[in-house]
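Single-structure report; data block below.
The values are calculated or read from the model by the stated rules, or taken from the named source; none is laboratory data. Remember, it's a predicted structure, so these values are computed and weren't measured experimentally. With ideal geometry, Cβ positions are generated from the backbone for all residues, glycine too; neighbour counts draw on all protein chains shown.
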Amino acid sequence: MERSETPKRIGIVTGASSGLGRAFAEELDRMQVCDELWLVARSADALEGVAAALSTPARAMPADLTDVASIQKMAEALDDERPRVTYLVNAAGFGKFGSWDTVSDADANAMVDLNCRALVDMTRTVLPHMERGGRIIQVASAAAFAPLPHLNVYAATKAFVLRYTRALRWELHGSGITVTALCPTWVKTGFEKVARASGGGHDVGHLWGEQDAGTVVRRALRANKAHFAVACASPQSFALRVVGKVVPSCVTMAGWNILRRL
C-alpha cells in the first residue's frame, strides 16, 4: 500500500505586511516551526517584501479580510492543499482615535468588520485544518479590559476578541489546540499613524510606554506555549487587567479621560 505524504505544516499570519503581524512572521521564521508561512494582508507588494526576507518558504496571499470572498478563497486554498495548520495568528486590525461623531461611519464599520468578524471567519475557516499541538494567537489589546471613551469602537472590538477567545478556548478543551488572547498596551507599529487619521485624531495624547513589537511577539508565543489564556506582555498591561476586574468602569473611564489628555 502506498504511504500517504505527511501534510505540510503551515503557519498563517494575518496583518503580516507590517506591525505585529510582520513581527510574528519573522519570529515564526526564526523558530523554524513551519514548513511554509502563508502571509495575509491587503498590500501585495508589502507582503512580497516580507516573504522575500524570510528563510522559511512564504506565500504572499493578498486579501481584504472584510470581504467574505477573500475568506472563501482561503477556505478553498486550505481544502485544495490540505495542510496541517500549526499556527494561526490573527493580527489584522486597526483603530481610530476620536468620539462617536468624529470617527466616520465607514471607519467604525470597518473596525467592527476587520477586528471582529474577519477574525472569527478566519478562525472558523482554519480550525478544521488544525490538530493536536496547533496554536492560535488572537491579537486583542489592553484596551479590552475597560471601556475607553474616544477609543470606544476599537476598545469594544478588542473586548469582543478577548471574550471570544476565552470561550473558544473552553470549547477546544481536550483538543490539544492552544488559544491565547494577546493584550498588549501601546506597541511601536503603524497603529498611531492610522489612529490619528480621523476627525478626533488628537483626542488621545502621548502613547506612554510603547513596547517593541518583537518583544511583545516573543512574550505572546511563550505565553501560548505555557497554555495561558491571556498574554499581557507587560507589567502595565497586567496592572490594567487587574484594574479592569476590580475597579468600577466609571472610575477607570474617568482615569483614562485624564491620561488621554496628557
- Query: In this structure, does A239 turn out to be touching a helix residue (DSSP H, G or I) at 6+ places or on another chain (Cβ under 6 Å) and modelled with pLDDT under 95?
  - Reply: no
- Query: Do you know which residues across the stretch 214-242 are hydrophobic (A, V, I, L, M, F, W, C) and assigned to a helix (DSSP H, G or I)?
  - Reply: V216, V217, A220, L221, A223, F238, A239, L240, V242
- Task: For residues that are among the small types (G, A, S), in a helix (DSSP H, G or I) and within 21 Å of V217 (Cα to Cα), tally how many sit in the stretch 24-81.
- Result: 5
- Message: Every residue in the stretch 120-156 that is of a type in the set (A, V, I, L, M) and either outside any helix (DSSP H, G or I) or over 30 Å from V204 (Cβ atoms) (or both), please.
- Response: V126, L127, M130, I136, I137, V139, A140, A146, L148, L151
- Query: Assuming E192 fulfils every condition listed in (1) under 26 Å from F97 (Cβ atoms); (2) in a loop (DSSP other than H, G, I, E, B); (3) among the acidic types (D, E) apart from one, which condition is it?
  - Reply: (2)
- Task: Select from the stretch 184-220 the residues that are closer than 15 Å to I136 by Cβ and in contact with a strand residue (DSSP E or B) (Cβ under 6 Å, 6 or more places away or on another chain) and list them in ascending order.
- Result: A220
- Mind checking which residues of the stretch 236-260 are small (G, A, S), within 16 Å of L151 (Cα to Cα) and touching a Pro at 6+ places or on another chain (Cβ under 7 Å)? S249
- Taking the stretch 29-44 as the region of interest, how many residues are within 18 Å of L78 (Cβ to Cβ) and either among the small types (G, A, S) or out of contact with any Leu (no Cβ under 8 Å at 6 or more places or on another chain) (or both)? 4
- Message: For the stretch 108-126, which positions are surrounded by 19 or more Cβ atoms within 10 Å (Cβ to Cβ) and of a type outside the set (A, V, I, L, M)?
- Response: N115, D121, T125
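Rundown of residues vs (1) surrounded by fewer than 13 Cβ atoms within 10 Å (Cβ to Cβ); (2) of a type in the set (D, E, K, R); (3) in contact with a strand residue (DSSP E or B) (Cβ under 9 Å, 6 or more places away or on another chain); (4) in contact (Cβ under 8 Å) with a residue 24 or more places away in the chain, yes/no style:
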| residue | (1), (2), (3), (4) |
| --- | --- |
| N224 | no, no, yes, yes |
| F228 | no, no, yes, yes |
| A231 | no, no, yes, yes |
| S234 | no, no, yes, yes |
| V242 | yes, no, no, no |
| V246 | yes, no, no, no |
| S249 | yes, no, no, yes |
| M253 | no, no, no, yes |
- Task: Search the stretch 100-151 for residues being in contact with a helix residue (DSSP H, G or I) (Cβ under 7 Å, 6 or more places away or on another chain) and among the charged types (D, E, K, R), and hand back the single one that is nearest to A75 (Cα to Cα).
- Result: D121
- Query: Say we look at the stretch 95-119 and pick out the residues that are of a type in the set (D, E) and assigned to a helix (DSSP H, G or I); which of these is farthest from V179 (Cα to Cα)?
  - Reply: D105
- Which one is nearest to E26 (Cα to Cα), of the residues in the stretch 39-72 that are free of Cβ contacts under 8 Å to residues at least 12 places away in the same chain and not small (G, A, S)? D45
- Residues satisfying the stated conditions in the stretch 157-177, i.e. of a type outside the set (A, V, I, L, M) and either part of a helix (DSSP H, G or I) or surrounded by 20 or more Cβ atoms within 10 Å (Cβ to Cβ) (or both): T157, K158, F160, R163, Y164, T165, R166, R169, W170, E171
